[in-house]
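Here, each number is a calculation from the coordinates, and none is a lab measurement. Model, not experiment: these values are computed from the prediction. So basically every Cβ, Gly included, is an ideal-geometry build from the backbone, and we count neighbours across all protein chains shown.
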Amino acid sequence: MSPPHILKMRNAFVNPLWFQLVMHGEHQAKAVDERTVELKGELLDVHPSDRIRLRPGQVVHVWLDRHFWFITDEEKAQMEEEARRQANEEKERIRQYKNRFREEAEAFNATLNIPVKWTTGVNLVLSGLSEASAGDGYFKNTVQHIMLLEDLKDGRLVRHKGEFLCNVKRRGRLKDRDASYHVDGDGNRYTPKVTCKACLRIARRWSDREGDSK
């Protein structure tokens with residue numbers, strides 16, 4: 001689509017009150033002939049360098065920004081349609097981006113052969129709402145732990161329901177362990193990817209056993 005078109009004031013002397021009416025925002029105007037627009041009683045001519053031809057009575061949209069600019073009603077509709085198209089494309093890009101995170105998390109978590117039911121959990125802190133946070137109660141470097149939903153006993157390894165596999169100790173006050181979930185691009189909850197290195201190091205014992213049994 002062509003860029004906005006420039007208008008020139010026909011009259012050198014215009015009532016200051018008129019400028020006060022048109023200096024802010026966008027205003028509808030109408031073409032009086034192929035090269036002239038009437039805006040609130042004043043005539044403005046299309047700049048000589050612009051080849052556009054208007055239809056008498058055609059609606060245009062005018063605004064002032066160092067110059068008087070205008071676009072036709074049709075051009076505005078095209079701009080709005082393009083803006084909607086770009087917004088929809090961005091929405092779809094974000095949806096696919098979030099879904100890829102879910103797919104990666106599901107694929108990775110499926111490799112963890114924890115012998116009891118589990119989910120992910122994080123240590124939430126009140127300061128997780130500070131400038132250093134991700135804005136959702138998590139620090140930007142918050143890790144996802146393996147949180148057990150059942151008691152676990154494997155040799156000398158003993159963990160109780162609700163504990164993290166790594167048995168990380170709480171630090172500071174106003175902190176609690178909480179099961180966590182993420183939301184994909186379609187609004188579905190899923191278990192995020194485990195990122196706690198200590199949990200993964202312990203979980204490797206069951207993966208190694210499965211590999212030995214094959």
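Report the extension gain between Glu26 and Glu81 in nm, rounded to one decimal, defined as 0.36 nm multiplied by the number of residues separating them, less their alpha carbon distance.
Extending this stretch completely gives an extra 18.0 nm.
Based only on Cα atoms, what Rg/Rh ratio does region 1-107 have, Rh being taken as Kirkwood's radius?
A ratio of 1.26.
Could you list Lys30, Lys8 in order of exposure, starting from the residue whose Cβ has the fewest other Cβ atoms within 10 Å?
With the fewest neighbours first, Lys30, Lys8 line up as Lys8, Lys30.
Can you put His5, His24 in order of Cβ neighbours within 10 angstrom, beginning with the fewest?
So the residues, fewest neighbours to most, are His24, His5.
What is the sum of charges around His61, taking Lys and Arg as +1, Asp and Glu as -1, for the other residues whose C-beta is under 14 Å from the C-beta of His61?
Value of the local net charge: -4.
When only alpha-carbon atoms are used, what values of Rg and Dmax, in angstrom, describe region 1-64?
11.5, 34
Among Trp118, Trp206, what is the fewest-to-most ranking by other Cβ atoms within 10 Å?
Trp206, Trp118
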